[in-house]
Amino acid sequence: MEKGTEKAWDVLKDLTDPELPFLTLDDLGVIREIKRNDKNHVVIIAPTYIGCPAISVIEEKIASELKKIGISAIIEKSFSPPWSSDWISENGRKKMEEFGISPPHPRKADTIGEPLLKDVKCPQCTSYRTEKVSEFGSTACKSLYRCLDCKEPFDHFKCV
Ligand SMILES: [Zn+2]
């Protein structure tokens, strides 16, 4: 790998998501590729949930972090294949649970938005007796659920 590209990966993999500050862009599978053209580095990112306002914040953050190490970068968005919650790493899912967010279920490969498992697990007590309270939780990427056993409300990261 070209040296600048390697340096860029090193910096970018530790950047965190503005809405989920305990998750890195690497955990989320947002950074798809870093390459070089004649003048600049090109960072290809896969925007997570469409309409998630965080993406412009992420773009600015990537550009400014790379500037700090002397790399000028162009950020490009890639929509094909579209970002999928399946790209969230195992580590990322674990961190979500630790932070009280129920992670998205893996989907079947050939369907979009159709999770394999419909039951949402309570991140506090691991009960599956939960109900959806609202389509939108603290951000548009999450739905608000309530656990029928421990009665705690929690966010469930949507499956896309
Ligand atoms: Zn519970």
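The values are calculated or read from the model by the stated rules, or taken from the named source; none is laboratory data. Quick caveat: nothing in here was measured; it's all calculated off a predicted structure. Positions of Cβ are backbone-derived with ideal geometry, glycine not excepted, and every protein chain shown enters the neighbour counts. For the accessible areas, the whole protein counts, side chains as well, though only heavy atoms, and no ligand, DNA or RNA atoms are used. Shrake-Rupley method; radii C 1.70, N 1.55, O 1.52, S 1.80 Å.
Using a 1.4 angstrom probe on heavy atoms only, work out the carbon and sulfur share of the accessible area of the chain in %.
53
Within region 3-52, list the GluC sites (Glu not before Pro) lying in a DSSP loop whose Cβ has at most 14 other Cβ atoms in a 10 Å radius. Intermediate results must be reported in sequence, preceding the final value.
Details: sites: E6, E19, E33; in loops: E19.
Passing sites in region 3-52 do not exist.
Return one number: the angle in degrees, 0 to 90 and rounded to the nearest 10, between the long axis of the Cα atoms of helix 54-68 and the longest principal axis of the Cα atoms of the chain.
Helix 54-68 and the main axis of the chain meet at about 40 degrees.
Sort V57, V11, V42 by accessible area with a 1.4 Å probe, largest first.
Details: V57 70, V11 40, V42 5 Å².
Heavy-atom accessible area, descending, gives V57, V11, V42.
Tell me, which longest segment in the chain has none of the trypsin sites (Lys or Arg not before Pro) that fall in DSSP loops with at most 14 further Cβ atoms within 10 Å?
Maximal segment without exposed cleavage sites: 40-107.
Which of the chymotrypsin sites (Phe, Trp or Tyr not before Pro) found in region 57-105 are in a DSSP loop and have at most 11 neighbouring Cβ atoms, other than their own, within 10 Å?
Here the sparse-neighbourhood loop sites are F79.
Over the Cα atoms of region 3-77, Rg to Rh with Kirkwood Rh, two decimal places?
0.94
Running a GNM on the chain with Cα contacts under 10 Å, which residue among T126, T48, T24 ends up with the highest mean-square fluctuation?
Judging by the Gaussian network model, the answer is T126.
At a Cα cut-off below 24 Å, give the lysines reachable from K68, other chains included and same-chain residues fewer than 8 away excluded.
Partners found: K3, K7, K13, K35, K39, K77.
For an R0 of 22 angstrom, estimate the FRET efficiency from the Cβ-Cβ distance between E76 and T139 and round to the nearest 0.05. Don't jump to the answer; show the numbers that get you there.
Working: r = 24 Å, r/R0 = 1.10.
The computed FRET efficiency comes out at 0.35.
Can you sort I75, I69 by solvent-accessible area, 1.4 Å probe, largest first? Intermediate results must be reported in sequence, preceding the final value.
Numbers: I75 35, I69 60 Å².
So the residues, ranked largest to smallest area, are I69, I75.
Could you bin all the Cα-Cα distances of the chain into 10 Å bins starting at 0 and give me the percent of pairs in each, rounded to whole numbers?
Once binned at 10 Å, the Cα pair distances of the chain give 11, 37, 30, 15, 6, 1.
If you line up the long axis of helix 3-12 against the longest principal axis of the chain, both from Cα atoms, how many degrees apart are they, to the nearest 10?
On a 0 to 90 degree scale, this one is about 30.
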